[in-house]
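Remarks on the structure that follows.
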Amino acid sequence: MAYYAIKGGEEAIKNSLNFYNDFTKNSEKIEDDDLIEAFTFSIDKVMSEGSLYSKKLASQAIKRSAGDLLNASFFLRAHRSSCQRIGICKELDVNDMRLSRRISSAFKDIEGGQLLGASNDYEVKLLVDIKNEKVDIKNYSNKNNVIKSALTPLREDNLIKILPKEDEPWDITRVFPTAPYPRSSVLQVMSRGESGTLLGFAYTSMRGYGDVHPTIGDLRIGELDIKFIHPFTKKEVKIGSIEASAVESAGTFNKDENGDTKLTTGFGFCFGKNETKAISMSIIDLTLYNNSYTVGTEQIVASDFEMVMHHVDGIESFGFANHYKLPHYVTFQTDYQIFKSAKKYVDEQNRKDVDGDIK
Amino acid sequence: MRYAFLDEEAKKEIRRSILKAIAIPGYIVSFASREMPVARGWGTGGLQVTLSIINEKDTLKVIDQGCDGSVNAVNIRNFISSVTNVKTTVDTKKATLIQTRHRIPQIDLEEGQILVYQVPMPDILETVEPNTAKAKIMHANADYSKLWVLLYEDTSMYGDSRISNRYPVIVHNRYAMDPSPIPKYDTPKLNNNKALQLFGAGREKKIYAIPPYTKVEPLKFEDREFKVENFEDKSCQRCNSKNSFLDEVYDDNGIVHYYCNDTDYCDSQIKKADKK
Amino acid sequence: MILDIKNLSKVFGKFCPNCLDNTGADFNSSICPSCKSVVGVNDINLTLSEGEVLGIVGESGSGKSTLLQLIYQDQKASLGEIFIKDFINKDGMKKSILDASLNELSVLRNSLMSMIYQNPRLGLNYNFSAGGNIAQKIIGSGNKKYDEIRKRALYFLDKTEIPTSRIDDYPEYFSGGQQQRIQISKALSSNPKILLLDEPTTGLDLSVQAKILDLIKELQHEIGFAMIVVSHDLGVIKHLTDITVVMKNGQIVEKGLTDQVLEDPQHPYTQLLVSSIL
């Protein structure tokens with residue numbers, strides 16, 4: 001971003017960046033491994049919004065941003081642009097996840113039990129010194145928990161509304177679609193979306209600007225293997241694994257295109273551990289595809305595709321919000337001129353009477 | 001930490017709001033809801049109501065989805081007990097103050113008991129009119145036509161209301177009220193209850209109440225039955241009760257089992273059988 | 001007498017003491033020379049008997065639609081009183097409906113009166129099905145029995161020649177003429193004593209217009225409600241009404257039996273109107 005028209009601009013910019021370094025220089029002492037371990041949720045948020053799975057790069061971006069996580073996501077997106085796409089991995093099925101946490105609010109008990117895993121859900125948020133009780137975890141299991149979604153029995157009984165599947169998933173980073181938006185593009189936008197924005201939109205739906213009444217059917221956190229066809233050997237290889245969050249919410253019921261009554265569901269998915277984002281995404285998915293007449297569609301943000309597709313990306317909104325700091329004195333000058341002439345016109349009219357003569 | 005966590009001014013304001021709510025059954029009263037150490041949506045409204053009325057003579061019971069042992073109930077009970085040292089119990093008959101999420105205890109309550117409900121959304125009109133300003137005018141006009149038309153549309157399309165829990169009720173022939181997400185099975189228990197029923201919504205910052213012996217009826221057509229959840233041929237596998245609200249539970253082999261949702265009721269049934 | 005309007009005025013703007021006296025038909029203007037306010041309705045006095053059909057005719061801007069809106073209370077009157085038969089206060093004295101409390105207003109608009117708007121978007125809720133719209137009116141008038149509500153909705157849809165199988169369809173899937181007829185069904189389903197119609201057929205094609213006018217006339221004869229029809233179309237007025245009132249710049253310039261007013265107009269403005277019929 002060049003700074004036009006100001007003399008001595010370059011000097012000023014250099015000095016500004018130098019001052020900014022005061023913020024970031026202290027974080028350079030922190031080792032990436034320590035940051036990754038200590039601030040795991042920050043790392044996960046940055047990877048998800050940066051749309052690039054690399055804990056090390058996320059760590060560096062956070063350090064360079066002195067903790068501003070949206071700015072760090074920006075770094076990751078920019079880095080992503082510099083990477084060449086080697087290929088596309090095999091489709092991931094969240095039912096294959098090696099689970100570290102899996103709950104369902106819809107059922108009291110489920111196959112494998114309610115795996116609480118590591119969670120702060122039950123933490124009492126008091127900033128007082130709580131004696132750290134060392135809990136001796138005697139009987140923990142090392143086995144791989146791979147369990148299908150808790151809504152699978154309902155799906156197998158043909159009770160769940162299945163949306164038509166696309167032949168090829170869309171990639172918004174190559175072509176941004178126009179309406180009607182393919183569902184893969186909608187989910188992609190949300191998965192890369194800014195966590196707070198998604199939460200806000202989902203909250204409007206939860207509070208009644210949407211008729212969904214969601215229940216979490218399956219919330220899971222765990223590891224997924226990334227498989228890839230090797231370009232030379234043409235054999236399938238595992239190139240690594242990612243940690244991800246996935247949520248399947250059940251909504252209300254309605255009639256599908258064949259007139260059958262089906263239960264509606266929504267899906268949320270993102271890199272790393274971000275339950276709030278995955279829950280929000282699944283609720284927005286529900287609200288978008290199950291617009292209801294009861295509340296009306298006029299003022300509903302979460303059921304408006306235009307609202308979601310164009311407003312949830314953090315890097316875009318962050319960039320545009322901050323762009324207002326760029327010089328705008330030319331445009332403002334034009335605004336001011338128009339204002340002055342309009343005011344002059346109205347004042348003149350007020351001085352005239354009904355017949356057009358000056359009073 | 002002071003008794004019951006909240007300072008006295010906070011408690012006074014909440015008590016005044018509760019009194020106003022009791023004076024106008026079913027009417028939603030605003031109150032200065034504080035952030036509590038548990039997250040909003042986890043029962044902060046019920047918690048604030050309980051903390052402002054609890055005293056040393058009370059015996060506290062806390063349930064979530066009918067169960068004393070559920071994590072949310074345990075968390076809240078531990079917190080309240082840690083800031084009051086109050087006696088706690090799982091026995092519904094022995095409790096003076098019961099805080100609940102999503103269910104009314106199976107056995108009938110007595111005079112002198114207080115039931116505090118945790119409420120996520122306090123205004124039943126939110127389901128048909130999310131704009132709070134418009135909803136307030138509707139309540140003032142007793143204009144519940146949108147709820148009635150919703151009932152009409154559901155009845156013509158699906159034979160009955162699509163509302164599964166949180167069924168709208170009319171209190172004292174005047175206000176349409178949100179009973180919190182209790183099953184329709186529990187809705188009739190709101191009517192003419194001997195206990196005082198208080199409702200707290202922390203995130204939405206509202207309190208409302210049903211004084212004892214108040215008329216509360218579900219919003220339904222006069223010529224239609226109020227259908228509640230059906231457990232006809234099923235009984236609890238633990239205590240054999242055929243009269244209680246049952247939980248459907250799948251084990252690891254995919255086989256379904258039925259148990260009383262109200263765990264204290266189940267225990268008391270077993271005790272009764274043992275005595276015989 | 002079912003409706004009694006006394007000294008009704010509506011001023012848009014400041015409302016100074018000169019407004020009513022310095023505007024009107026004689027001044028050929030609705031704009032107050034002193035304060036520039038627009039006097040929409042200027043000191044109207046009017047009565048309506050049970051079962052009577054009154055027409056209000058005038059050009060755009062004459063205040064005829066505003067007058068209806070003041071009666072139905074879509075707009076708030078600046079001055080005056082309106083009395084409806086049987087609308088009394090606690091002491092048994094007749095009470096102006098303009099002083100009605102919010103609860104009383106609901107009763108007035110749900111049970112005693114109904115309004116049919118030129119644009120069905122104003123009279124229908126597009127988030128409810130056709131049946132749902134009618135149900136809303138019936139429930140508002142006090143009926144809480146599903147079977148009766150459904151039967152009544154079907155009855156009126158049938159009467160207004162809407163295929164009853166479409167009772168659960170949403171208004172946007174009907175034609176303009178059909179939407180208007182659903183509006184009529186809705187308005188009549190609460191058994192109102194007074195029906196207000198604001199340009200009910202303007203904008204519809206001629207064959208549909210004729211059908212709707214015949215329908216309204218037939219229902220009025222059958223049920224016997226009093227009606228006020230506002231239109232700038234003299235043909236509509238002639239077809240439907242017993243008494244006609246001519247408005248200009250917010251005032252009534254002529255009043256009489258419809259046939260007389262249209263065949264032998266006295267006021268120069270009425271003569272101008274009548275002679276302008278193509």
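The values are calculated or read from the model by the stated rules, or taken from the named source; none is laboratory data. Since this is a predicted model, take the numbers as computed values, not measurements. Positions of Cβ are backbone-derived with ideal geometry, glycine not excepted, and every protein chain shown enters the neighbour counts.
Structure summary
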read-out: Residues located in the range B:245-276, provided they are closer than 22 Å to B:Val71 by Cα, free of Cβ contacts under 8 Å to residues at least 24 places away in the same chain and not acidic (Asp, Glu); value: B:Leu246, B:Val249, B:Tyr250, B:His257, B:Tyr259
read-out: First in the range C:162-188 and without any contact (Cβ under 8 Å) to a residue 40 or more places away in the chain, second anywhere and among the polar types (S, T, N, Q), Cβ under 8 Å, 6 or more apart; value: C:Ile162/C:Gln178; C:Ile162/C:Ser185; C:Ile167/B:Ser156; C:Ile167/C:Ser129; C:Asp168/B:Ser156; C:Asp168/C:Ser129; C:Arg181/C:Thr160
read-out: Pairs where the first residue, in the range C:85-107, is away from every other protein chain (no Cβ under 14 Å) and under 21 Å from C:Leu8 (Cβ atoms) and the second is in a helix (DSSP H, G or I) and of a type in the set (A, V, I, L, M, F, W, C), C-beta under 6 Å, 6+ apart; value: C:Phe87/C:Ile97; C:Ile97/C:Leu108
read-out: Residue list for the range C:191-203, restricted to those being farther than 19 Å from C:Gln118 by Cα and either modelled with pLDDT of 90 or more or among the β-branched types (Val, Ile, Thr) (or both); value: C:Lys193
read-out: Unmet requirement for C:Ile134, which otherwise passes all of (1) more than 19 Å from the chain's Cα centre (by Cα); (2) more than 9 Å from chain B (Cβ to nearest Cβ); (3) within 17 Å of C:Tyr173 (Cβ to Cβ); (4) part of a helix (DSSP H, G or I); value: (1)
read-out: Conditions (1) closer than 28 Å to B:Ser52 by Cα; (2) in contact with a Pro (Cβ under 6 Å, 6 or more places away or on another chain); (3) within 14 Å of another protein chain (Cβ to nearest Cβ): number failed by B:His172; value: (3)
read-out: Failed item in (1) touching a Leu at 6+ places or on another chain (Cβ under 9 Å); (2) over 24 Å from B:Asp186 (Cα atoms); (3) surrounded by 17 or more Cβ atoms within 10 Å (Cβ to Cβ), with B:Ala95 passing the rest; value: (2)
read-out: Selection from the range A:98-113 of residues that are touching a Ser or Thr at 6+ places or on another chain (Cβ under 7 Å) and either surrounded by fewer than 16 Cβ atoms within 10 Å (Cβ to Cβ) or at pLDDT 90 or above (or both); value: A:Arg101, A:Ser105, A:Ala106
read-out: Spans of strands (runs of 3 or more DSSP E) in the range C:1-112 with at least 3 residues surrounded by fewer than 21 Cβ atoms within 10 Å (Cβ to Cβ), at pLDDT 90 or above and not acidic (Asp, Glu); value: C:3-12, C:38-48, C:79-88
read-out: Qualifying residue in the range B:210-220 (condition: among the β-branched types (Val, Ile, Thr), in the same structural domain as B:Tyr27 (by TED's automatic domain parsing) and out of contact with any strand residue (DSSP E or B) (no Cβ under 6 Å at 6 or more places or on another chain)); value: yes
read-out: Selected residue (only one of C:Ser175, C:Ser141, C:Ser129 is modelled with pLDDT of 90 or more and more than 8 Å from every other protein chain (Cβ to nearest Cβ)); value: C:Ser175
read-out: Residue list for the range B:67-109, restricted to those being within 14 Å of chain A (Cβ to nearest Cβ) and assigned to a loop (DSSP other than H, G, I, E, B); value: B:Gly69, B:Ser70, B:His102, B:Arg103
read-out: Hey, B:Pro130 crowded, with 21+ Cβ neighbours inside 10 Å, in a loop (DSSP other than H, G, I, E, B) and within 11 Å of chain A (Cβ to nearest Cβ) or not; value: yes
read-out: Residue among B:Leu47, B:Leu60 that is of a type outside the set (Ser, Thr, Tyr), in contact with a helix residue (DSSP H, G or I) (Cβ under 7 Å, 6 or more places away or on another chain) and in a strand (DSSP E or B); value: B:Leu60
read-out: Residue selected from the range B:134-155 under the condition within 13 Å of chain A (Cβ to nearest Cβ) and either surrounded by fewer than 18 Cβ atoms within 10 Å (Cβ to Cβ) or at pLDDT below 90 (or both), by the criterion farthest from B:Asn230 (Cα to Cα); value: B:Lys134
read-out: Strands (runs of 3 or more DSSP E) enclosed by the range B:216-276 - at least 1 residues per element that are of a type in the set (S, T, N, Q) and touching a His at 6+ places or on another chain (Cβ under 8 Å); value: none
read-out: Matching residues, the range C:115-126, being crowded, with 17+ Cβ neighbours inside 10 Å, farther than 24 Å from C:Asn42 by Cα and away from chain A (no Cβ under 14 Å); value: C:Pro120, C:Gly123
read-out: Set B:Ser241, B:Ser180: member being among the hydroxyl-bearing types (Ser, Thr, Tyr), under 25 Å from B:Gly69 (Cβ atoms) and not assigned by TED's automatic domain parsing to the domain that holds B:Ile98; value: B:Ser241
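For (1) within 12 Å of chain B (Cβ to nearest Cβ); (2) free of Cβ contacts under 8 Å to residues at least 40 places away in the same chain; (3) under 30 Å from B:Ala133 (Cα atoms), each residue gets a yes or a no:
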| site | (1), (2), (3) |
| --- | --- |
| A:Asp167 | no, yes, no |
| A:Phe176 | no, yes, no |
| A:Thr197 | no, no, yes |
| A:Ala202 | no, no, yes |
| A:Arg207 | yes, yes, yes |
| A:His213 | yes, yes, yes |
| A:Asp218 | no, no, no |
| A:Ile221 | no, no, no |
